[in-house]
Structures are given as C-alpha cells and as structure tokens.
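Chemist: I am attaching a structure below and will ask some questions about it afterwards.
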Amino acid sequence: MIVIFKRLLPVLLVLTLLLSGRMGAEASPEITDARATAAYWTQRNPQGDTVLLTGEQVKAANEALRRRNDTLFDLASVPESVSGAEVRQRIEKVQAIGDFDTAELPSLYKNGSALTAYSYAFARKNCNLDALPERAETRYGVVTRRANLRLLPEAAGWFESAGDVHYDTLQATALDPAEPVAVLGDSYDKKFSFVRTRFYDGWLAKSDFAETDRATWESFVHPATFAVVTANKKTMENGAGESLLFQMGAKIPLAAGADGDKVLLMPVSDNGTLQIKRRPAAFDATLHEGFLPCTENNFVRQGFRFLGDEYGWGGLDDSVDCSSFVGDVYRSMGIELPRDADQQAKAMARVIDLSGMGEADRLAALESCVPGTLLANNTHVMMYLGQDDAGTPIVLQSMSSWFSFGSDYGKHYLRKVIASTATFLNFSGVPYINGVHYLGSLH
C-alpha cells in the first residue's frame, strides 16, 4: 500500500497543482538580469557599508555562536588528552551522520558497483574503535593541501546510484590548507586520523596534513596577524613546488619578512612533520590582510563572487554546497558559522521562527530582515539580498536541483550558485518561503 501510494504521489501532485492554478511550464529559478549583480543591491543600500561589528565584536559574536551551537569549537581549548570513551562517542556520532553506525549494509555504490558487505565491514573496522586507549593524547596537525573530511576512514566515494560522481555520502566537508586540526586517533590501516576541527569532527587522510608541536599549532589556530582569501577561490604556491587551492575565508598566518614586508607562512609536510615555508604576501582583491569589514554590502559583494560556480556537495568538485557557500561568505568577515544548513540560521543572534506562519506573514518577516540574513530549513540554506523593484524577495544560493510541474514535470539538476526569488516552487509545488524554518542574522 505504501509503495502504491508513493507511485501515485506525482499524479496527485499534478492534480493538486492543476486545481490550484499553479500548473504550467516552469523555467529554472535562476535570475540573469541586473538583479544578479552585486551593484544592483549595494546601490540600493547606501548605508550598507556601515560596519556592523568591530574586530572585538566579531570575537564576541563567535563566542556567542559557540555557546548557542555545540558543533562550533575553539580549538585552542582542546585538552592535552581526552578519554577513550569520548573519542569513541565522537567517532560513533560521525558514523551516525551518514547512517553508518549499524552493521546493516547500505544500498550504495562504490566505483560504479554495488557496495559489498566486505567493503562496508572493513570501513567500519577501520574506525579502530577496539584499539582506543583509556586516554588518548591529543596531537596537533595543520592541513597542507585542500582536503576532504570523511564520515568513515575511506577515500573512495559511496553514492546512491551507480552513475553518480557528485553526491558522495561519505563526504563531511572540505578543509583549506593552513586549517588546524586536533588529532585524537588513527584508523586501523594507519592511512587516516580522526580529527576535531573548528566546526566538524571526521576522518582526514594522513597525506593531507602534517603534525607539529602545540605552540606552533596554536599559531595557526589564533595567529597574531593573518591573510584572508577574499576571492571565491585562489591558487597559491606553497614554496615547495606545490600549487594549493584555497577557498573564500581561508586564513593564513603572516610574519614580517627580511625587508619588512609581510610574508605568508605556508604549511608543508615533510614526511608527516610540519615545515613552514615563507612566501611573499601580495594583497589585492583576492587576498586581504585580516578579515574584511563586517557590513551588509560585503555580504552581498562576497556572495556574488561565487555566482555561477558549480555546486559542490560537501566541498567536492573544488566548490561549495549551500551551507559552505554562506559559511565562506561569513568567515571572510571573521564570523564562524556551523557547517550544516539546519544549524546555521538558528545559531544567529537574531532568529525568527517561521513555524505556524502563513505565506503572507513569512514574506512580511523576511521584508523586515537585512541583507545577509539566512533562510534555512533542515536541508538547505540561502542568503537574503533584499526586495527588488517589484517587492519580490531575492536570495543567493548554491542550488543543487529544482522542480518543474508543467509539461516538463520532474527534478532538474542545476548544480550552480545562482540568484533567485525566495518564492520559486519547491519540490511540493509551493513557494519555497513556505518551507523555510528559520530566518537568522547578526542583528
């Protein structure tokens, strides 16, 4: 009966849309006119370059965010050792994110073929839970190349269909070079380490980071001076013959060079041990000394730097998904948001809960919001730009797919950072604003 009902759902939905008058050929939600430019919005907001938070206020805001959301963590407070029971709990919690906390074989694909019971069992065994000590000594690492943080210690992707290459269910997030991590344990095959980061736990390939002493590591956790990548992405040489990819918001420690100019302190791995290479710091529109000023117009400008970029699930495809998109925009101004969409808006200082509101009240609540406000539900997050000349609310988002309900009924993959209205039709055929749970902003 349930199977039959599920098969009837598309038919019932089309009938509902016909009756509601919402049936008709639909186009992609992407906006391509003047509203899809930063200038359109910054010119409409002459007070938008007023600084919202000073440097000290940004630090205070991050402390408040950490108090409101336990996925955020100040790495400097990590103890020198943690109990094996805590490490086990953290590993199992990460497994549960992907429903990998049970022995039941998931219906997934690896390298184009069905995931085998052996592969699944080994990936779980590789978490090395049986070898956890009573207390684990904390080790200190720094990421040396753009790296994938995994839900299990497994490099190969696991996908929901044989032909998929984009939506890897093992992917937690991507980490930039110079990102510090606290190392709590190693995998059974010694190829991965279980780490804590500023916003996520997970498994990191040992080839992607280098270990060092705590004092050196802390200079990456809270550097006295630093550069921030302000482009959507930027490639820089590390001084050891390798070209490194950094994404917006990446933070790189600075030091004074021999001639008094600032130099970047680039992390390099020497057989797993951290070495630091000094590279000239060329500040321009892509690299800024310190964070950008936290302003409404900078949320807009930074967001539009991603326009047209590919959607990158969990940071795959060297790009951003919906939550890393808004997270990178915010961290370019020093604000550290939770990694996942369902956490981001409701961790903010000002939160509007839309539960129980009708569409008109939801739109009125959004109208009261400022540029940079996040619109979020359990699976997606978007960033508010404002209202256009017609009074329509416009957002920026990294969109994976959209739905049409006319002659081309179905799901369409867009996989792109776009500007759109906040009222495009969701998978149920109703304006998207009706499925938003929270609006969240800094003020």
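Chemist: Please work out if Q89 is over 16 Å from T169 (Cα atoms) and not hydrophobic (A, V, I, L, M, F, W, C).
Modeler: Yes: the conditions hold for Q89.
Chemist: Something else: Can you name the condition, by its number, that P253 falls short on among (1) touching a strand residue (DSSP E or B) at 6+ places or on another chain (Cβ under 8 Å); (2) part of a loop (DSSP other than H, G, I, E, B); (3) not aliphatic (A, V, I, L, M)?
Modeler: Failed condition: (2).
Chemist: Starting from residues that are part of a strand (DSSP E or B) and open to solvent by 70 Å² or more (accessible area, probe 1.4 Å), keep the ones in the range 277-291 and report whichever is farthest from V143 (Cα to Cα). Break it down stepwise before answering.
Modeler: At the first step, the residues of the range 277-291 found to be part of a strand (DSSP E or B) are 277-280, 284, 287-289.
If we keep only those that are open to solvent by 70 Å² or more (accessible area, probe 1.4 Å) too, we end up with 277-280, 284, 289.
On the way: K277: 14, R278: 16, R279: 17, P280: 20, D284: 24, E289: 21 Å.
Restricting to residues being part of a strand (DSSP E or B) and open to solvent by 70 Å² or more (accessible area, probe 1.4 Å), the top hit is D284.
Chemist: Counting just the residues of the range 105-143 that are touching a strand residue (DSSP E or B) at 6+ places or on another chain (Cβ under 7 Å) and polar (S, T, N, Q), which one comes out farthest from I276 (Cα to Cα)?
Modeler: So the residue we want is S119.
Chemist: Assess whether L105 counts as being of a type outside the set (G, A, S) and surrounded by 15 or more Cβ atoms within 10 Å (Cβ to Cβ).
Modeler: no
Chemist: Residues being in contact with a helix residue (DSSP H, G or I) (Cβ under 8 Å, 6 or more places away or on another chain) and acidic (D, E): count how many of those fall in the range 32-58.
Modeler: 1
Chemist: Now for a separate question. Would you check which residues across the range 82-102 are open to solvent by 30 Å² or more (accessible area, probe 1.4 Å) and either of a type in the set (V, I, T) or over 26 Å from the mean Cα position of the chain (by Cα) (or both) and list them?
Modeler: Within the range 82-102, S83, A85, I97, T102 meet the criteria.
Condition check ((1) among the hydrophobic types (A, V, I, L, M, F, W, C); (2) at pLDDT below 95; (3) touching a helix residue (DSSP H, G or I) at 6+ places or on another chain (Cβ under 6 Å); (4) closer than 23 Å to L316 by Cα) across all residues:
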site: F220; (1), (2), (3), (4): yes, no, no, no
site: A227; (1), (2), (3), (4): yes, no, no, no
site: D259; (1), (2), (3), (4): no, yes, no, no
site: V268; (1), (2), (3), (4): yes, no, no, yes
site: I276; (1), (2), (3), (4): yes, no, no, no
site: T286; (1), (2), (3), (4): no, no, no, yes
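Chemist: Of all residues in the range 405-422 being part of a loop (DSSP other than H, G, I, E, B) and of a type in the set (F, W, Y), which is modelled with the highest pLDDT?
Modeler: F405
The values are calculated or read from the model by the stated rules, or taken from the named source; none is laboratory data. Because the structure is a prediction, the values reported are computed rather than measured. Heads up, the Cβs are rebuilt from the backbone with ideal geometry, glycines too, and the neighbour counts pull from every protein chain shown. Note: accessible area is taken over every heavy atom of the protein model, side chains too, but ligands, DNA and RNA are not part of it. Shrake-Rupley method; radii C 1.70, N 1.55, O 1.52, S 1.80 Å.
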